[in-house]
Amino acid sequence: MNTGFEFTDGTTLPVGTMYGIGQNYAKHVKEMGGAVPTEPIVFIKPPAAYVADGGIVRLPDFSQNVHHEVELVVVIGKDCEKITVDNAREYIAGFAVGIDVTLRDLQAKAKEKGMPWAVAKGFATSAPVSKVVAINEIKDYSSFRLSLSVNGVIRQSASTGEMVRNVDMLIAYLSDVFTLRAGDCIFTGTPEGVGQIRKGDRILAELKGYADLNVRVE
Ligand code: MG
């Protein structure tokens, strides 16, 4: 049983609501065949979807096409509502790397019919997250290097500086719409290079210089 987000200093924080942002990198929007959205695309994963470093992603039998999406994850440290971009920093507990595991076939069907993405994005084990690096250990959060490899082969590699909406903008937006609580987190969107994962795969996601996330697919 997971006790919550684990920080690199050994402290923990219970996992709250996990927000996800869709289509936040122009090159990924292009590979999915869409246009950069005028308003953020937001979805939610339940806390039970969380998987800690070293854990297992279980492929559900109701999907035939499960994709990896490597993402910068921001963990919120204090409750907040209606905060500005300029004040966003003080509500950040830290940063991690996560995988927004996605049932691409179910998501495509939901998109086509205008139905919600809850099953495609929020199924059990859909939210692996690395240990969290506290914000006071990070010099500059405007540009991290993110990468993901499957069985040792690099699939995704990008700078988070390429995000359409940056971390501060996302915190301001979500705190206005939903309010945010300590322990909530934001999956900030994936860069290009998403692809299928299969039983037996070993995935390594990296927030270069800060955190690694290893998961096994079953
Ligand atoms: Mg994603």
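Structural remarks
- Tally of residues being of a type in the set (Lys, Arg) and in contact with a helix residue (DSSP H, G or I) (Cβ under 6 Å, 6 or more places away or on another chain) across the range 79-130: 1
- Across the range 65-90, the qualifying residues are those that are in a loop (DSSP other than H, G, I, E, B) and surrounded by 12 or more Cβ atoms within 10 Å (Cβ to Cβ), and the one among them that is nearest to the chain's Cα centre (by Cα) is Glu69.
- Test result for Thr84, at pLDDT 95 or above and within 15 Å of the ligand (Cβ to nearest atom): no
- Among (1) touching a residue at least 60 places away in the same chain (Cβ under 8 Å); (2) more than 16 Å from the ligand (Cβ to nearest atom) - the single one Met18 does not satisfy: (2)
- Every residue from the range 118-155 that is within 20 Å of Pro191 (Cβ to Cβ), under 14 Å from the mean Cα position of the chain (by Cα) and assigned to a strand (DSSP E or B): Ala127, Pro128, Val129, Leu146, Ser147, Leu148
- Filter result for Lys199 (at pLDDT 95 or above and either charged (D, E, K, R) or part of a loop (DSSP other than H, G, I, E, B) (or both)): yes
- Within the range 32-64, the set of residues being acidic (Asp, Glu) and surrounded by 14 or more Cβ atoms within 10 Å (Cβ to Cβ) comprises just one member, Asp53.
The values are calculated or read from the model by the stated rules, or taken from the named source; none is laboratory data. It should be emphasised that the depicted structure is a prediction, and the values quoted were computed from it without experimental measurement. Cβ atoms come from the backbone with ideal geometry, glycine included; neighbour counts cover every protein chain shown.
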